[in-house]
Structures are given as structure tokens and as C-alpha cells.
Amino acid sequence: MALPPPDPQFVLRGTSAAVHALRFSCGSQEPDVPILFSGSENGFIHVWNLKTHRVDTALDGHGRKSVYCLETMGGKDRLLSQGRDQRICLWDLAEGRTAVTDSVVTENVGFCRCSLLKLAEGRWLMAMAAKALEEVQVLELPSKTSVCTLKPEVGAKLGMPMCLKLWQLNCGSQPLLLAGYEDGSVVLWNLSMGKALSQLVCHQEPVMSLDFDSEKAKGISGSSEKVLSIWSLNEQQNLQVYKTHKLVNAGISDITIRPDKKILATAGWDHRIRIFGWKKLKPLAVLDYHTATVHCVSFSDHKNPSERLLAAGSKDHRISIWSIYTQT
Amino acid sequence: MSALMWELCQQQAQAGSPELQEALLNKIVCLPDHVSNKLQGKTPPVFFPQNYFPFLGGAIIQVLQKISDSLREEILSVLVPRLTDLTKSDCIWQRICWRLVECVPDRWMEAVVLGFVQRAPGADALSRLLGNLVVKNKKAQFVVTQKVLLLQYCHTTAVLQNLLGYLSLDSLRRALLIQVLQELLETWGSSSAVKHSPPEQQQYISKAILICLSHLKEPEIKSCRQELLTSMMEGVKCHLDSNLPQIRRLGMIVAESISLKINTDGPVLKFQYEEDDEARELKSLLVQAPPFCVVPSLPDDERNEKADAALPLVLESNKKSHTAAPMMPDEVSDAELDSDDDLIPYDMSEDKELKTKAPVYVRDCIEVLTGSEDVDKWEATVKALESLVRKNPAATREVSVELAKILLHLEEKTCIEGFMELRQRAQVAVLTTDPIPVAKYLTSQFYSLNYSLRQRMDILDVLVLAAQELSYPKSHGKTKHSGAQKPCIQLLPGSDSSKDWRRIVDERIKSKTRRFATGPSQVELASGPNEFNSVAGHFFFPLIQHFDRPLTTFDLLGEDHLVLGRLVHTLAILMYLAVNTVVRKAVTAMGKALLEFVWALRFHTDSYVRQGLLSCISSVLLSVPTERLLEDMTEELLETQSWLGDVVEKDPDGDCRRLALQNLLLMENLKKKLKTVPS
């Protein structure tokens, strides 16, 4: 007899706008408080204290335009945010400061979330959708120098890049980029040569979100249709479809694999969060709390496995926090 | 009698005895006298001289007919194949054949040429047999270019192929081919021909045009490109204007084919029509069939070899891709032994497809349909509207006209499957719930400015469906409205329904349930009263009132004859459904008005409209009680009868003639019925 799905551990209210981005920062030791950053449609970034469940600070850096991507750069003191005001802002939040130290103007009017990869201490790679329609630009941070611009071939008709993931097999190896496009394909790019290594048509509709497990060389992508596509990378750096999974309702906004690679969560347009086992994509749970589209899901980076949390932000202005499958 | 004479004639061919013939002839001629002598006054009428000799004459004609047929059959069916074989290889035989046909006297030329054309196995065979007869002989030319193509239409496609192929095979005759094409196009493009000639003839001409086109060569097409284009434009306009879908499709196919031939590069005309066997057959005529000759075997083998070589390559590449795919999953499933089994799934039975909730009140529906930005809610409302309206008749009655207005102007916001049907069903539900005000609204809108033809025809459809539903309360409007439906004679129960009503009312009072609505949907009766009768007038008269008053955007008697046709059919159905209307004056008034309407439009050029008018007459004859018909509408009936007679004889459309005949028979039956009923 299967148990009914759990209720959220707690719910964060108070953003007064749809929540588009979430990022945990719970890795630091006591007396530092576990933090959740949330980006809203009204342009604010809220810093939630996960002990008190209240907003500690609200950051206003994007001119009241929607914030749709958040990344932490080594701890809770350095934050990167991306907004619809065509800017990517770098924040310094140490010691109570709330200052934007630097910003990158992307000149891109789309919704593609940028992707960060730590190369070395203090050196980062960031991939973002560029000004031209089909291009992706990769910058080095904090120097903001352009590493390469990835242009699809003439006539490829991939459309806008919809989602990006920078990764490298281990520290020091070649960084690679996986990009999901409007036409439903996922492309693997080699950054040093600026060339596409492999292209795979995963969906009939635009790829809304993707995530990749570099250890297993396996990735998953979701689209506006009813299908989740799982693909893998073989030794020749070729993408191949591994499996597809049919959903009950169409539309996925976000997918994320838990850092321990055991489970993954999807945020659905049907207001539900679905949990799957990553090894075989076994459906594990359907969390039905929200009353509108779920825009983003994020797993926490707690050091203690039993404290791990899952957060989901929705159009109904709420953030639900769940504690699920923490025993493994 | 004719059998006897036929026997005699056949015997004539062999040597029969003249005496037997003499005796038989004598007997035949004197038969009446012999019989009357024997029977002495009890002679059957056929043997009276004035009847007998005409009968004998008729029998003689029959025999002569048989003789001529057999001659034609026998001679030509033997002659043509032999000549075909002989002329195949031998020039001299060809010349002999040509001389033979050239010497045929004019009065038999038609029969001979026709016989050859029908029996020749192919165009080149015909060419060998007839040579340049059409160029040399005027009569033959007339038969081939005019008579067979334009004046007759009973021949098969093969005959057309033979004939036109024959014309195309020789340079001397090709001029005739072009001339023929021009004349065919003239006929095809003439609007009076499209309106008045039977569909079979139009199809025949279209086939001929397509075959001509398939034989034309580049330089010829170039020289008459402009003419072809002009004729095509004119012709396609007349064809598309027609109400009969078959004619429209013929026009489209021919126009597409002409456009294909004259625009070899660049965009060609492309229509959308139903592709069935007939369309495919017509299109296949445009491609010239390969000439009927023996192909030397060597090229065949080469071609076959290449095809065989291509196949294995394709198969190989298929195999490769198949072997690649199954590799991956096999590998992976072996490796994953420590599975997710330690993760226990939760109960996911609640995970179902998401459905947006539709409003529960009719007034809420109005709000959603007029104002709401929420597309999902709009969709759900459209889907749920019909059942809501039916379940809440009282609430619907309060807002019926407003709802009807909204539905009439409702446009598809998102792509819903079956939107048109959903909307129509909701409209019918509203109309049946509150007939009189909504009918008033809809009929007034039918004649208003600024509606599209589609919307006006939708109004007519909704009125008919609602009328059907009101008159048969059990079947909730599931039947589709088919335009030219001949109504079947079906009497609706009228008299015993009142007793059932009383019983139901008594029961309700006893059980003390309060019901606000007494609509037919809630009554479980074996027969229900005809709800339509009380409101029939409200549906009918407003529609018939303004048909001759043109508006700036809508002219029933002018261009919009498609809508006129639909209106006429609608009136016929409404009249039919008003059978058993209790108030006598109402039904008589309706019948009279309808017959006058028919009289005013009886010479309309469109056959669809005429068919509708004839259906109207049927409806009047079936719906109005016969006594009323004969007493109050005698003059109208007489006028109608004379018009029907005209239609049976002279109308070019087969369906019209048939309907008119049925009406005349119906009239006769009704008159007889009255006579047999003792008054």
C-alpha cells in the first residue's frame, strides 16, 4: 500500500509576485543561517532565512523587471542574477551589503537562463544567450572577456537557445556546453573550437529546460509537450536518445537533478512537481500543492543528507519547501 | 408478333421456302377477320382493325431496328479488328482502307466513322484506319470535331482518347486539334452552358479538354497561351459560381490542369477539393498514356536491373540503422544492477489530466464568453455551455436573447476541436429553450447588414435544427441538416399526448416536488407533443418576408443565390415540420405564403434553388390538411401543377425533373384520397 504523497515541510509566502528563480545556499557552517534566494516577476530578489522562514533582505537590481535566473558563486556572499532588463548582475552580499558590483549587458530579450561553471578559484565561465537570435556567448568572469561565440551553421534553423548547461568531466578537463533550442534539438558545443560536436532532436516543441549528469554522461530535457527525453553521450561525444517518458499533462518549466544524482525533480505547467529516480526514471512521487504553473525547482546543498530540501516556486506567488527521499 | 417476324427474316438469310412465307404473311394480315369470325362478337379489343394494324406497324419497326443493329454489329465488329491487324505493318492495306472510307457516301459517313472510333483499339490504330479522312471529307470532319464532342456526351473516355489521339498524330490534323480545343474551352467557359447543361455533359467536355491538353506540344501551347489563360479565367469563374459541388470541382480540376500546362515554371493554380476516384480519374487523363506499341526487350531489362540495384542499397542502409539503435539500451540495462529499488514510490493515483473548471451558472458563462482573458476558462465554458443551458431552462430564458447574440458573434479564440459544432449545439439549445424571442432575434439578424454569408447560413441551420428538435422532443437534435432531403411521410402523434400530460401533472402535485420548467427534456413520455407548432409561425414568416428586399451587403435575388438556395430548403423543412399545427388558419397561411414564394422564384436559373422550391411544394402538400389544400388554395395549386408539368418536360437538371414528377404524383394521390373518402 503506497503512502500518500507528503505535504510541504513549509511554505514561504510574501513575494507578492510569481516566482521564477530559486537558489539555495545552505552549505556553510554554523552560525551561518541556511539561505534561499528567490527571484520574482516584480524584479525583487528575496533572501529567505530558512530558520525563521522570513525574508531577511530584498534586493532590487533589475528595474522591476522579472528576475528569472539566480546562481551563487561560492557561498551566499556572491550572487549572480539575470533579469528581463537585459542585464546580468553580480552582487556582493557579505556583511550585510546589498551592492551590485558588476553587471553584464546581454542585449538579449529572451528567457534563456544563463549557466555558470567554476573553472578555478575566482574564475568562472558563464554561457548566456547573445544579442543575435541563435547565438550563445561564453564569457569569463569576473573579467567579462569573451571566450567564444557559438553560432549554429547557416540554415540550421535551430531558433532561440532556450536553456544552457556548462559542464566539464572533471576539474581541468575541457569545458563543454549543452544547449537546448527552440526547434527541439539539444546541441553539444566545444568551446575551444567554437564548433558543435553533436546535435540531437529530442522534442517536437522547444526545449524548455535540461540538466546533465556528467558522471554518467546522461542528460534529461523537458519541453512544452508531454514527453521527457533522456539522452546520453557516448565516447565519440555523440548524443543519442536513451529513453523517453510520457507525462500525464503537457509542459515542463524546469528540471533539476539532485547533487547526489539519485533523484530528479520536474516543475510542471499542470501545477505539479514530479519526482523521479534518476537511474531508470522511475516515477516516485507527484507533489500537488500549487494552484498555478510551477516555474522553478531547486535542490539544496546541505552537507547533512537528512536536512536536504527541495524548493519549488510557482506563479501563485508561493514557494513550497519539501523534505523528500532524504534517507538515502 | 415481332418475334415471329424476326424468325422469318432470319430464315430469309438461309434459303427458306417461299410458300411458307406466303402462307404466314397471309395469315398475319387476315388474322383479325379470322378471329372475329370465330369468336362471333366476343373479340378482344386488340383484334379490332383500328387497333390491330397500328400494332402490326409497331412490330415491323421493332424488327427493322433489330436488323439494323445486327448489321452494324456484325459488319463493323468483324471489319475493324481485321483491318487493324492488316494495316499494322502493310502500307498498301492502309491505302486500301483509306480509299474505302473515303468512298463511303455522306449519309452513311457518320455511322461508319462513329463505328470506327468506338471500336478501334487505340489512337494510332484509328489513325491507320482512317488516315486523313477528317481533313479531306467535310462530313467526317463535322462528325469528329463537332458532333461527337459537343453535341453528344454518351461516349466513353476510351472513345475520347481514341478520337483526340487520332487528331494529334498527324501534322495535318493537329490544326483540327487546336480548333477543337478552342471550341471545347468556349463551351466550358460559357456561363449559360454551365448553368443549363446536364452535369454528365459537363464532365464529358471536361474530360475532352484534359485529353486535348495532354496532347499539346510546347510550341503550340506557347502560341495559344494567352487564349488558354483567358478562357480558363472565365470558365473557372462560372464553375465556382455554381451551387453544385460536382460542377465546382470539375471547374477546379480543369483550371488547375490548364494552369499546369501554361505555367511550366513558376507558381501554378492549386485548389482544395475532395480527392476521390472521379477526381483522380480526371487528373490521370492529363498524363499522356504511353503509346500502344511493342517495347523492345533490351531497354526494359536495363531499367529493371537498375531498379534491382537500388533496392538492396536501401535495404542495407535500413539494416544498419536498425542495428545501431538497440545497442544502447542493452548495455545500460546490464550495468544498472543497483537500481532505484531503495526509493519507494508514493501513491500517485491522484495524478490525472488537468481539467479547468467551467462555470456552473449560465450568467457566469456570459461573463466568461464576453470578457474573460483566461483562455482555459473560455475553452471550458464553450464545451460546457450546451448542457448548462439545457439543465437550467428558466435561467436561460432570462438571458436568452443576449446569449443568442453572443453565440452568433462568437469567434474561435483558441483552437478547440469541434468548435463549430459546439457553438451550433449551444445555439440550438438556447433556441429550443426560449423559442419565440430568440427566433425573432435570429430571423431579424438574417436580413441585417454586416453579416457574412457563413453567419447567415448558420442562422438557417440553427433554426432548422431547433425546429426538428421541438417537433420530436425525444431525439435531441442529433440528426444533421442535409440540404436537399426529401421529407418522408411520417405522422406525428397529436391526440393522446394531452392525457399523458395530465397524468404527469397529477403525479407531480402528489409528490409535492417543485419544478419550474416544463420543457420537453424532463418528461419521460413515449410520445411528446409537437412543441414546434405553436412557434412555427415565428420561425417561418420573418424568414419569408424580406427575401426580395436587397441590402447593400446582401442580395438574395442577385449574387447570393447560394444563400437563397439554403433559405428555400430551410423553408421547406420548416413547413414540413409544422404538420399537425392545430390552428388551421396558421398552416393555411403558411402554405399559401410558401406557394406564392415558389411562384415568384420559379424561373430561377440555379438548379439548387429550383430543387429547394420543389421540396417546398412537397412540404406544402404533405403538411397542409388535404381539405384545406383543395378548398382554400385551389388557384395556387392549379398554377403550381402547370409549372410542375413544365419542369418535368423541360428542366435540364435531372433531380429537378424527378422531384417535379414526385410532386405531381403526390398531388394525384391526394386528390384520389379525397375522392375515395365518403364526404
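Residue selection: A:Val297 satisfies the criterion of being surrounded by 24 or more Cβ atoms within 10 Å (Cβ to Cβ), outside the structural domain of A:Lys76 (by the TED database) and among the hydrophobic types (A, V, I, L, M, F, W, C). The requirement of being within 21 Å of the chain's Cα centre (by Cα) and closer than 29 Å to A:His302 by Cβ is fulfilled somewhere in segment A:234-245, by at least one residue.
Just for segment B:94-105: of the residues that are part of a helix (DSSP H, G or I) and out of contact with any Lys or Arg (no Cβ under 6 Å at 6 or more places or on another chain), which one is surrounded by the most Cβ atoms within 10 Å (Cβ to Cβ)? If you could, list the steps in order and put the result at the bottom.
As a first pass, look at segment B:94-105 and keep what is part of a helix (DSSP H, G or I): B:94-102.
Okay, now just the ones that are also out of contact with any Lys or Arg (no Cβ under 6 Å at 6 or more places or on another chain), so B:95-102.
Details: B:Arg95: 12, B:Ile96: 13, B:Cys97: 22, B:Trp98: 18, B:Arg99: 10, B:Leu100: 13, B:Val101: 19, B:Glu102: 15.
Filtering first and then ranking leaves B:Cys97.
As a summary of the residue check, B:Asn663 satisfies the conditions (1) touching a Phe, Trp or Tyr at 6+ places or on another chain (Cβ under 6 Å); (2) modelled with pLDDT of 85 or more except for the one numbered (1). Contact map, segment B:19-36: residues that are free of Cβ contacts under 8 Å to residues at least 24 places away in the same chain paired with residues that are surrounded by 14 or more Cβ atoms within 10 Å (Cβ to Cβ), Cβ distance under 6 Å, separation 6+ or inter-chain. Pairs shown: B:Pro32/B:Phe47; B:Pro32/B:Tyr52; B:Val35/B:Thr43; B:Val35/B:Phe47; B:Ser36/B:Thr43.
Inside segment B:208-257, residues that are charged (D, E, K, R) and closer than 22 Å to B:Thr145 by Cα make up a count of 4.
Restricting the first residue to segment B:372-397 and requiring it to be part of a helix (DSSP H, G or I), which pairs with a second residue that is of a type in the set (Ser, Thr, Tyr) and surrounded by 19 or more Cβ atoms within 10 Å (Cβ to Cβ) meet a Cβ separation below 8 Å and a spacing of at least six or different chains? What qualifies is B:Val389/B:Thr396; B:Val389/B:Thr433; B:Arg390/B:Thr433; B:Pro393/B:Thr433; B:Thr396/B:Thr433; B:Arg397/B:Thr433.
Considering only residues that are assigned to a helix (DSSP H, G or I) and of a type in the set (A, V, I, L, M), which ones fall in segment B:424-453? So that I can check it myself, show each step before the final result.
Initial filter on segment B:424-453 (assigned to a helix (DSSP H, G or I)): B:424-433, B:435-446, B:453.
Of everything in segment B:424-453, those that are assigned to a helix (DSSP H, G or I) and of a type in the set (A, V, I, L, M) turn out to be B:Ala426, B:Val428, B:Ala429, B:Val430, B:Leu431, B:Ile436, B:Val438, B:Ala439, B:Leu442, B:Leu453.
Of all residues in segment A:254-270, those satisfying the criterion of being more than 15 Å from A:Gly222 (Cβ to Cβ) and within 13 Å of chain B (Cβ to nearest Cβ) are A:Arg258, A:Asp260, A:Lys261, A:Lys262, A:Ile263. Residues being assigned to a helix (DSSP H, G or I), basic (Lys, Arg) and surrounded by fewer than 19 Cβ atoms within 10 Å (Cβ to Cβ) are represented in segment B:352-371 by at least one member.
Filtered by the rule that a residue be in contact with a Lys or Arg (Cβ under 8 Å, 6 or more places away or on another chain) and either acidic (Asp, Glu) or at pLDDT below 75 (or both), segment B:106-154 gives B:Asp106, B:Glu110.
Can you pull out every residue in segment A:295-309 that is without any contact (Cβ under 8 Å) to a residue 60 or more places away in the chain and within 15 Å of A:Lys51 (Cα to Cα)? Within segment A:295-309, just A:Arg308 meets the criteria.
With the condition being among the polar types (S, T, N, Q), I'd like the strands (runs of 3 or more DSSP E) fully within segment A:88-141 carrying at least 1 qualifying residues. Spell out the reasoning first.
Working: elements: A:99-105, A:115-120, A:123-129, A:136-141.
In segment A:88-141, A:99-105, A:115-120, A:136-141 are the strands (runs of 3 or more DSSP E) which contain 1 or more residues that are among the polar types (S, T, N, Q).
Hey, among the residues in segment B:554-603 that are in a loop (DSSP other than H, G, I, E, B) and in contact with an Asp or Glu (Cβ under 7 Å, 6 or more places away or on another chain), which one's surrounded by the most Cβ atoms within 10 Å (Cβ to Cβ)? This residue is B:Phe554. Does B:Glu411 satisfy the condition of being away from chain A (no Cβ under 14 Å), within 30 Å of B:Phe532 (Cα to Cα), under 43 Å from the mean Cα position of the chain (by Cα) and not in a helix (DSSP H, G or I)? The answer is yes for B:Glu411. A residue that is basic (Lys, Arg) and within 14 Å of another protein chain (Cβ to nearest Cβ) can be found somewhere in segment A:282-299.
Residues in segment A:221-245 that are within 15 Å of A:Leu169 (Cβ to Cβ) and touching a Lys or Arg at 6+ places or on another chain (Cβ under 6 Å): A:Ser232 alone. If you go through segment B:214-271 and keep only what is within 22 Å of B:Leu564 (Cβ to Cβ) and β-branched (Val, Ile, Thr), you end up with just B:Ile247. In summary, A:Trp322 fulfils each of the numbered conditions (1) touching a Leu at 6+ places or on another chain (Cβ under 6 Å); (2) more than 22 Å from A:Lys216 (Cα to Cα); (3) of a type in the set (Phe, Trp, Tyr); (4) without any contact (Cβ under 8 Å) to a residue 60 or more places away in the chain with the single exception of condition (4). Residues in segment A:302-316 that are assigned to a loop (DSSP other than H, G, I, E, B) and surrounded by 20 or more Cβ atoms within 10 Å (Cβ to Cβ) were compared, and the one that is farthest from the other protein chains (Cβ to nearest Cβ) is A:Leu309.
Being more than 12 Å from A:Trp278 (Cα to Cα) and within 13 Å of chain B (Cβ to nearest Cβ) is the filter here; which residues of segment A:216-230 pass it? Selection gives A:Ala217, A:Lys226. If only residues of segment A:1-19 that are of a type in the set (A, V, I, L, M) and assigned to a loop (DSSP other than H, G, I, E, B) are counted, the one that is nearest to the other protein chains (Cβ to nearest Cβ) is A:Ala2.
The values are calculated or read from the model by the stated rules, or taken from the named source; none is laboratory data. None of these values were measured; they are calculated from a predicted model. When we count neighbours, we look across all protein chains shown, and the Cβ atoms used for this are built from the backbone with ideal geometry, even at glycine.
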